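What follows is a single structure, written as C-alpha cells, with notes after it.
Since every read-out is calculated from the coordinates, none of them should be taken as a lab result. These numbers were taken from a predicted model, which means no experiment stands behind them. No Cβ is skipped: glycine too gets one built from the backbone with ideal geometry, and neighbour counts run over all protein chains shown.
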Amino acid sequence: MPHKKTTKATQTLEDMPNVQEAQDKQNPQDAQNPQGEDMTPSPLQAGFWQIIREDFATPEIKDPALKNPIELFFNYPGVVALFHYRFAHFLHTRDWKILARIIMGFAQFLTNIDIHPAARIGRRVFIDHGIGVVIGETAIIGDEVTIYQGVSLGGVSLKRTKRHPTLESGVVVGAGAKVLGDITIGANAKIGANSVVVKDVPNGCTAVGIPARILTPQSKVDEGASDSFTDEVRHKAKPSTDFGEFLEQNNDTRTKLPDVSKSAFLYLLERIEILEQEKALREAQKENGDSSAGKDCEEALEELQQMREKLEKRYEKYIAAFRD
C-alpha cells in the first residue's frame, strides 16, 4: 500500500467536518440537502475560501498519482475549472450572469471542461482528468462526488425548467458516462463507464450499459454466492477442490464496481461444485450400500438436489434481467 503523506492539505481535509458544521448553521445550502435554497457565500467571507481550500485538498486524498501540489495547476483541469466555477456561480446568483458566463467560457478554453455557472456543485467534488466533462445549467451535484473524463450531465428537454440530473452525495460517475434528464442518482451510487442513464438510480446501486440497467448492490450479490453450500454436505462429499470455500475467502475484491459477468461465472463454479459433490456422494453410496453411512449420503444427495433447483432459479432470473 502506498504511504499516505501527511501534508497541510491532508490536515485541512481532515478538519473539514467541524468547519462545515459551523458553516451549515449559517448556510442552508449544502449538497447533503441539494434541494435546499442556494446561499453561496461571498468571496469576502471565510466560508467561500474554505470551499476553495477543500477543492484543492480533495485531489490529494482521492488521487494517489498526485505527488506535488504544483501539479494541481498543470495536470488537474478539474480543480482549475472548479476554482473558476466558484466565482462564476457567486456572480450568477447575484444576477451578474453575463460576467459569470464569460468566466466559465475562459475556464472552458483552459480546461476543456464545460460547467454552466448556474449549476449547483457541492463540496469536495473531484473531477478527475476532466477532459470533455459537461455539466448543464440545472444540474445539482452533492458532496464527495467523483466525476471522470467525458461525463455529460445533460438535458433532454428544451423547456426552461429543471432538466438536468441530480447527483446526491458520494456518487461516482465513470468515464464517458451520459446522465440525461431530470433524474436523481442516489447517494453512493455508481455509474459505469460509457453508460447512458435516463432513469433514477437508487441509493448504493450501480448502473451499467446502454441504456443503463440497475445492478444489485455488491453485498447482496456476495451473500447470494456464499450461502449455496452447507458445511455438512461439504464435509460428507470432500471434493478435491473446494470452490465454494475459495469464493467465500475471496469475496472482498479490490474494485468496487461489480463485473456484469460475475454472476454467470459464479453460477458455473457453483454448478461444478454441486456436480463434483454429487459424484462423490453417489460413489460413497455404492460402497456403503444400506448402512448408516449410505443413508447419510442419500440425505446429502437430497440437499444437493434442492441446492441445484435454487441455483437454476437464480440463473433464470439472471438471464431474464438481461432479456428485459
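Would you mind getting me the FRET efficiency between Leu110 and Ile319? Use the beta-carbon distance for r and R0 = 56 Å, nearest 0.05. Result of the calculation: an efficiency of 0.70. With the simple spin-label model, which puts each label point 7 Å out from Cα in the Cβ direction, the Ala264 to Ile61 separation comes to 3.9 nm. Proximity of backbone amide H atoms, modeled 1.01 Å from N, is registered between Thr184 and Thr166, Asp200, Val201 at under 5 Å, excluding neighbours fewer than 5 places apart on the same chain. Counting every other Cβ atom within 10 Å of each residue's Cβ, Tyr85, Tyr315 order from fewest to most as Tyr315, Tyr85.
The mean sequence distance of close C-alpha pairs (under 8 Å, at least 6 residues apart), as a share of the length of segment 129-173, puts its relative contact order at 46 percent. For segment 98-107, backbone phi angles converted through the Karplus equation (6.51, -1.76, 1.60; θ = phi - 60°) give residue-by-residue couplings of 5, 4, 4, 5, 5, 4, 6, x, 5, 5 Hz, Gly and Pro being listed as x.
Here Ala193 and Lys162 are evaluated by their C-beta separation; at R0 = 35 Å the FRET efficiency comes out at 0.85. Extension gain for the segment Ile98 to Ser292, taken as residue separation times 0.36 nm less the Cα-Cα distance, is 61.1 nm to one decimal.
Going down the table (Lys279/Lys310; Lys97/Lys162; Lys97/Lys159; Lys159/Lys199; Lys67/Lys190), which pairs top 22 Å between alpha carbons? The partial results should precede the final answer.
Numbers: Lys279/Lys310 19 Å; Lys97/Lys162 18 Å; Lys97/Lys159 19 Å; Lys159/Lys199 19 Å; Lys67/Lys190 27 Å.
Cα-Cα > 22 Å for Lys67/Lys190; rest within.
Computed from the Cβ-Cβ distance with R0 of 25 Å, the FRET efficiency linking Glu137 to Asn75 stands at 0.30.
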